[in-house]
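This report refers to the structure that appears directly beneath it.
The values are calculated or read from the model by the stated rules, or taken from the named source; none is laboratory data. This one's a predicted model, so the numbers in the text were calculated from it and none came from an experiment. Note: ideal-geometry Cβ built from the backbone for every residue, glycine included; neighbour counts use all protein chains shown.
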Amino acid sequence: MPDGQVVERIVLRGSGGFEARVISFGATLQALLAADSNGKCDDVVLGHDDLAGYLAKRSFFGATVGRYANRIANAQFVLDGRMVQLAANNGPHALHGGPHGFDQKLWQIDAIDDGAEPAVTLSYLSADGEEGYPGRLDVSVTYRLAGPTELSLTLAARTDRPTIVNLTNHSFFNLEGALSGSNILDHRLMLAADHFLAIDPTAIPLAGPPRGVGGTPFDFREVTAVGERIRHNDEQLKHGKGYDHNFCLDNGGRLQLAARLEAPKSGRVLELLTDQPGVQLYSGNYLDGATAGKGGRLYRQSDALCLEPQIWPNAPNRPDFPGPRLTADTTYRHHTVYRFSFRRQR
């Protein structure tokens, strides 16, 4: 780091070449290797080959995001009758924790398990008032290879007084491989969601209840190519410049299948399971060729997509949304699983 602190990398190895590489800067999933239908392993997440890339430009590649993932309108909310003013970093809004969120912090490695299910636990202490958020927040994330080709993420947080919290992992997936040169428009996606949150032009959810996906470009209840309807003349696609919307899950807080993503050439399949009430689909709309990533490749629009399990955006200002409030006598918990397999090619 510029101040001389050392960033460490932990490699978790499974069977058949399945591998997760985690760095302590941003508690970031720096690489994830998974086999294709021919048994060839490739890295399937965007990012950088060295620390310099992560320090040069904030892009959230693979990072642990907080204290509040996604957006809070006008960078403010009322908590227990008191107005809380946050640091704005997305026009007037607060995005992914503010200008200096958890993705830009150096996390501490608390534990490494080199047993049958290799794992690493990292932690970060967010001080009272950091980025405007009230209360001290003790955060941890555990990356664990819970199966031969299964990466489990467990996030937890505790506070000393009422605050809000919403953590997620912000990995950019391309199941053909980060160096494949392919985009994700022909990836086939299923989302287990009957409703989504319509947004205004600044990506804040509109007033009113979630909208049904039926008859819209947002209906992924059946497996559909990501790019099949992304160019439709739809107001919501205009607002998001593609997909950048929260899909509402009905899992009752239990770990359930939320999404399935398939790559046509490699045959790789990713199943996303989560206990969170929403998942943000982001189709890489703001990748503009200004950032060079792994292998020196310039990342461009739709080179990858994100599936971000989360509490809904702007929930601190929406009592009709799932609540992000955390008190000193409770613990925030978030469990997400990335399960890989492959389809045999004909």
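At a glance:
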| quantity | calculated |
| --- | --- |
| Test: residue in segment 260-282 that is of a type in the set (Gly, Ala, Ser), assigned to a strand (DSSP E or B) and at pLDDT 95 or above | yes |
| Residue count for segment 115-138, restricted to those that are touching a helix residue (DSSP H, G or I) at 6+ places or on another chain (Cβ under 8 Å) and aromatic (Phe, Trp, Tyr) | 1 |
| Residue tally, condition closer than 19 Å to Val84 by Cβ, under 18 Å from the mean Cα position of the chain (by Cα) and not β-branched (Val, Ile, Thr), over segment 310-321 | 4 |
| Hits in segment 81-132 - residues which are free of Cβ contacts under 8 Å to residues at least 24 places away in the same chain, under 24 Å from Pro319 (Cα atoms) and among the small types (Gly, Ala, Ser) | Gly81, Ala88, Gly129 |
| Selection within segment 258-313 - crowded, with 24+ Cβ neighbours inside 10 Å, hydroxyl-bearing (Ser, Thr, Tyr) and closer than 26 Å to Ala198 by Cα | Thr274, Ser283 |
| Unmet criterion (only one of (1) of a type in the set (Gly, Ala, Ser); (2) outside any loop (DSSP other than H, G, I, E, B); (3) touching a helix residue (DSSP H, G or I) at 6+ places or on another chain (Cβ under 7 Å)) for Gly323 | (2) |
| One residue from Leu189, Leu237 being outside any loop (DSSP other than H, G, I, E, B) and in contact with a Ser or Thr (Cβ under 7 Å, 6 or more places away or on another chain) | Leu189 |
| Qualifying residue in segment 205-220 (condition: out of contact with any strand residue (DSSP E or B) (no Cβ under 6 Å at 6 or more places or on another chain), touching a residue at least 40 places away in the same chain (Cβ under 8 Å) and polar (S, T, N, Q)) | no |
| Strands (runs of 3 or more DSSP E) (entirely within segment 70-168) containing at least 2 residues that are among the charged types (D, E, K, R) | 108-113, 137-147, 150-159 |
| Test: Gly26 is buried (at least 24 other Cβ atoms within 10 Å of the Cβ) and of a type outside the set (A, V, I, L, M) | yes |
| Per-region count, segment 47-66, residues surrounded by 14 or more Cβ atoms within 10 Å (Cβ to Cβ) and out of contact with any helix residue (DSSP H, G or I) (no Cβ under 7 Å at 6 or more places or on another chain) | 7 |
